[in-house]
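Encoded as structure tokens, the structure appears first; notes follow it.
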Amino acid sequence: MKNRMLKGAHLSERKCREILHYFCEDLTATQIAAITSVSRVTVNAYLKLIRTRLAQFCEDSFPTHQLPENFVSIRGSLTGLPKTPYFGFTRYNGQVYATGLENITREHLLNWQKQHNGPVSGEMQTIHAVADFNSWRLYRRDMLSAGTSTNGDDISGFWGLTRNRLMKFRGVNRNTLYLHIKECEFRYNYRNENMQAKLIQLISKHPLHEAQMQ
């Protein structure tokens, strides 16, 4: 039977949906392989396609006027996935968006962070926080003012989810870090929805083979 999720797939659509289900349950590739009796190499290949599809959806959803000048993305990359340890977070209309950042140094971040009392000059005017995954540190501009609390804050909630999820993997390869951050963005913004139904809807419009990196 034709697999509508992935053209030319070696697995049946039923088995692909099974992998998708356990992905939505946030199981690791090793756990999914054990449950589905599909090799871990194959499971990882399918998970990368799913994450790439999520990343493309999140990029398309990012409000363009909130993008900093120094952002990087899948859509704009000529060499595959962006490979950067720096990600900018911004909140807009009740959701949190993450984008890779290029041309960043620690000194750059410290200078950017100091500009919390007035308008930001140069790049990253629309960014509320920057995560450095070299040191697992979050730099914030919007929490330096006196009397500001992080309780119930969207950026704090998103950072907590992202840090906890990535630590579960005991380190994420720099080559796939971008995909994992965008997955966290999707999980956070749609945490009150049926993730599997949402993903099936996305994949029905754009099958997984359309997400394959060139």
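Specify the residue that is farthest from residue 47 (Cα to Cα); the eligible residues are those in the stretch 137-181 that are modelled with pLDDT under 90 and hydrophobic (A, V, I, L, M, F, W, C).
Here the residue is 146.
Is it true that residue 91 is modelled with pLDDT of 90 or more and either closer than 22 Å to residue 172 by Cβ or of a type outside the set (Phe, Trp, Tyr) (or both)?
So residue 91 fits the description; yes.
Within the set of pairs 6 or more residues apart or between chains, which connect a residue that is more than 14 Å from residue 96 (Cβ to Cβ) and in contact (Cβ under 8 Å) with a residue 40 or more places away in the chain inside the stretch 55-68 to a residue that is among the basic types (Lys, Arg) and assigned to a loop (DSSP other than H, G, I, E, B) with Cβ atoms less than 7 Å apart?
If the second residue must be among the basic types (Lys, Arg) and assigned to a loop (DSSP other than H, G, I, E, B), the pairs left are 59/75.
This table checks each residue for (1) of a type in the set (A, V, I, L, M); (2) surrounded by 14 or more Cβ atoms within 10 Å (Cβ to Cβ); (3) closer than 24 Å to residue 17 by Cβ.
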{"site": "162", "(1), (2), (3)": "no, yes, no"}
{"site": "173", "(1), (2), (3)": "no, no, no"}
{"site": "184", "(1), (2), (3)": "no, yes, yes"}
{"site": "187", "(1), (2), (3)": "no, yes, yes"}
{"site": "191", "(1), (2), (3)": "no, no, yes"}
{"site": "201", "(1), (2), (3)": "no, no, yes"}
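The values are calculated or read from the model by the stated rules, or taken from the named source; none is laboratory data. Since the model is a prediction, treat every value here as computed from it, not as a measurement. Note that we place each Cβ from the backbone using ideal geometry, even for glycine, and neighbour counts take in every protein chain shown.
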